[in-house]
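In what follows, a single structure is set out as structure tokens and then discussed.
Taken together, the values in this text are just the output of simple stated rules run on the coordinates, not laboratory data. It should be emphasised that the depicted structure is a prediction, and the values quoted were computed from it without experimental measurement. With ideal geometry, Cβ positions are generated from the backbone for all residues, glycine too; neighbour counts draw on all protein chains shown.
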């Protein structure tokens, strides 16, 4: 067994590998760029080595620097995590040449599966179902249009070396192919150094199912069940779970055996994943097709760990050290249900635009490990960490386990309420909304779920009447406690003013009359003349996170001051709350509201990034929806469009310039 390993990665996955290595008694070496000099993975490792400047090409993607770091520290092996160098054949070969073990598959398997076109040919030869399509090189847009028409719309255009949702475009017609083919080529070149594109049939009502594999160097390959990864946005996974609510035992076996056959055909060992697309419209479950094989650890591997009881990182390390798998296929069992959500630095209220900045507040849900519930948080940040434009916007992964799917999902909702992130935009509200969505909870999901259920974007999870009533109660309680504190301060300057028990609590513009009576350890309340409500738990002024029960209902609420009122965030939405004495509430109706400024004449940068193209000049007339500029952020292209018909008055920014969020790119008359 190795005595020291180097982790050629950063953030959450680097911390994840370090945690297992330490448990195994293996010393760890972290590497970092200048942007990550004080990152968490650097702090938790036994040693650390600087690689270079923030751009990945000058740090994490520089194989020579990684090998030099191994030699300098005496690291005997390298775990690549996922992304960066994890699927680079040349990196695995360079490590072998330097006498350093690669904690991953053999280079020939990386090469065979790394090219999506060639991997499909190999899969077909190994007897694996593949999606109908064209696997040859496509040189021009006109050729792509002809091929797409021959296959039949809709089709998917994919970068041959792509992954992680990058370099993929769905085309419903010829116009979509003409708009998207060159963009797919550019994304493939920018992200993977390969601009080849292939086209395949888009499967209707698709579900994304993947099979986790583990193999050793002695010819043993096992499948560890499946994961459902259908909840996606722009082909990027958002929610994963194991097992799948769609897969039957017969399907699991058929998929697993095909995945094992493919792995054995390329001499695979270590952890790997065969991704499949399944037609959700086929009740037999027989219409499943090979998409690709990821020759590395997957982001969503924790859900497999939770239901199998296996540590996949440990298995990878043991396989790399030459050990045989200590269990067989018959010993792989699936216990309970696990769900993972990805917490991203992106703003769902602004079209999921990436967000950068410093985490001025970061509180993660408490981890638990009980017989009937487990909560796990895999992250690589701390309070004060910088979320930069150079790397993936993932902040953390929240993993829950329960004896059944409903319990695992309920645990997600409760834990998401306890996530506090300030300083950046985050998708926690959106994740909570997904977990509460009736269609998701029923298991009726496809990869189109988000587009179908949120066609107009996201504006918060809907709140039922019970939740709104509970928010009014909480608002009344914190308002009363605030007034008590203020009265105590005022009494030092004059006669004691006793606050009245009744208050008008306005929740999102809807007024409620709330009567409050505190008692030791809790509060009694009445809302709008209804029945007596018992609140167990107390709030201290300034407290941000409040957990209590209201008539036995557990509620966790984040509380922020908002002028003279509060913002209460829970269950996937923020609610504006105003607490006033009845006579003040009556007078407040006459206050004039300040109108919001008109920004329709300006095209603002929705995020920090690079303006790669400006399609208009001063004097040009544009129509609503017309493409005006293209921005690149985190290697993804974003087309900016005019919101209405107008004439271009000014273009303060030129193509090739970097812009900050809300910076004016185009001004209209």
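Under 20 °C and 1.002 mPa s, how fast does segment 343-456 diffuse according to Stokes-Einstein, given a Kirkwood radius computed over C-alpha pairs? Answer in µm²/s, whole number.
Translational diffusion coefficient: 142 µm²/s.
If I model a spin label at residue 189 and residue 329 as a point 7 Å from the Cα along the Cα→Cβ vector, what separation in nanometres do I get?
Distance between label points: 4.5 nm.
Go through 510-520, 381-391 and give me the packing order, highest mean Cβ count within 10 Å leading.
By packing density, highest mean first, the sequence is 381-391, 510-520.
Using 0.36 nm times the number of residues separating residue 613 and residue 137, minus their current alpha carbon distance, what extension gain do you get?
168.6 nm
Kirkwood Rh over Cα pairs of the chain into Stokes-Einstein at 20 °C, 1.002 mPa s: D in µm²/s?
For these conditions, the coefficient is 78 µm²/s.
At residue 90 and residue 121, where each label point lies 7 Å from the Cα along Cα→Cβ, what is the point-to-point distance in nanometres?
With each label placed 7 Å out from Cα toward Cβ, I get 2.2 nm.
Rounded to the nearest 500 deg cm²/dmol, what is the calculated helix-only ellipticity per residue at 222 nm for the chain, with -39500 (n - 2.57) per DSSP H run of length n ≥ 4?
-8500 deg cm²/dmol
I want to check the label-to-label distance for residue 350 and residue 620. Put each point 7 Å from Cα in the C-beta direction and report it in nm to one decimal.
Roughly 2.4 nm, to one decimal.
Any chance you could run the full-extension gain for residue 540 through residue 367? It's 0.36 nm times the residue separation minus the Cα-Cα distance, nm to one decimal.
Gain on extension, residue 540 to residue 367, equals 59.9 nm.
Calculate the translational D of segment 465-588 in whole µm² s⁻¹ from Stokes-Einstein, where the hydrodynamic radius comes from the Kirkwood formula applied to all Cα pairs, the temperature is 4 °C and the viscosity 1.567 mPa s. Present the calculation step by step, with values, prior to reporting the outcome.
On the way: Rh = 14.6 Å.
Diffusion coefficient, whole number: 89 µm²/s.
Rounded to the nearest Å, what's the spacing between the alpha carbon centres of segment 194-234 and segment 1-45? Just the number, please.
Between the Cα centre of segment 194-234 and that of segment 1-45, the gap is 27 Å.
What's the percent breakdown of Cα-Cα distances in segment 333-387 across 5 Å bins, shortest bin first?
Reading upward from the zero bin: 4, 13, 19, 20, 17, 11, 9, 6, 1.
What three numbers, in Å, describe the spread of the alpha carbons of segment 281-423 along their principal axes, ordered from the longest?
Largest first, segment 281-423 extends 48, 37, 37 Å along its Cα principal axes.
Rounded to the nearest 0.05, what FRET efficiency do residue 281 and residue 50 have when you use their Cβ-Cβ distance and R0 = 56 Å?
0.60
If you wrap a convex hull around the alpha carbons of segment 94-224, what volume per residue comes out, as a whole number of Å³?
Cα convex hull per residue, to the nearest whole number: 134 Å³.
Rg and Dmax of segment 132-201 over Cα atoms: what are they, in angstrom?
Calculated on Cα positions, Rg and Dmax stand at 10.5, 29 Å.
Under the rule a/c < 1.5 gives rounded, and otherwise a/b versus b/c splits prolate from oblate, where does segment 168-318 land using the Cα gyration tensor?
Prolate shape, in that a/c is at least 1.5 and a/b is the bigger ratio.
Rounded to the nearest 0.05, what FRET efficiency is calculated for residue 517 and residue 654 with R0 set to 41 Å and r the Cβ-Cβ distance?
So the FRET efficiency works out to roughly 0.05.
What base-10 log of the normalised intensity I(q)/I(0) is obtained for segment 1-113 from the Debye formula, alpha carbons as equal point scatterers, at q = 0.12, 0.22 Å⁻¹?
-0.35, -1.24
Highest mean first, what order results for 470-480, 533-543, 87-97 on Cβ atoms within 10 Å?
Answer by packing, highest mean first, reads 470-480, 87-97, 533-543.
How much length, in nm to one decimal, is gained on full extension between residue 485 and residue 664, taken as 0.36 nm per residue of separation minus their Cα-Cα distance?
Length gained between residue 485 and residue 664: 59.9 nm.
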